[in-house]
1. Give all pairs with beta carbons closer than 9 Å in which a residue from segment 14-43 that is of a type in the set (Phe, Trp, Tyr) meets a residue that is surrounded by 10 or more Cβ atoms within 10 Å (Cβ to Cβ); count only pairs at least 6 apart in sequence or on separate chains.
2. So, in segment 13-45, how many residues would count as being aliphatic (A, V, I, L, M), under 13 Å from the mean Cα position of the chain (by Cα) and modelled with pLDDT of 80 or more?
3. Could you tell me how many of the residues in segment 46-63 are over 19 Å from Leu13 (Cβ atoms) and modelled with pLDDT of 75 or more?
Amino acid sequence: MLLVAAGVFAQGLSTIGFINSLISIATSFGSASIILMLVLVVLTMLAAMTTGSGNAPFTPSLR
């Protein structure tokens, strides 16, 4: 079910042109695309932390 939702989400991003615009922004930045990559990594990390994905911090062995 999660894979289907991810596929629909990715297709939606492609349909609205988000992926193409992100690629064009990265190519226009040139060497500053590393900064864009780091921003996206931080954004992904924050999304994972706020949505609670990953259960390693909550396993009984770490308490």
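The values are calculated or read from the model by the stated rules, or taken from the named source; none is laboratory data. Treat the numbers as computed from the prediction; the structure is a model and nothing was measured. Neighbour counts are summed over all protein chains in view; Cβ atoms, including those assigned to glycine, are modelled from backbone coordinates with ideal geometry.
1. Phe18/Gly12; Phe29/Ile35; Phe29/Leu36
2. Quick first cut of segment 13-45, residues aliphatic (A, V, I, L, M) only: 13, 16, 19, 22-23, 25-26, 32, 34-43, 45.
Retained after the next criterion (residues that are under 13 Å from the mean Cα position of the chain (by Cα)): 13, 19, 22, 36-43, 45.
Filter once more, keeping what is modelled with pLDDT of 80 or more: 13, 19, 22, 37-43, 45.
Looking only at that region, the number is 11.
3. Narrowing segment 46-63 to residues over 19 Å from Leu13 (Cβ atoms): 49-50, 52, 54-63.
Those left that are additionally modelled with pLDDT of 75 or more: 49.
Number of matching residues: 1.
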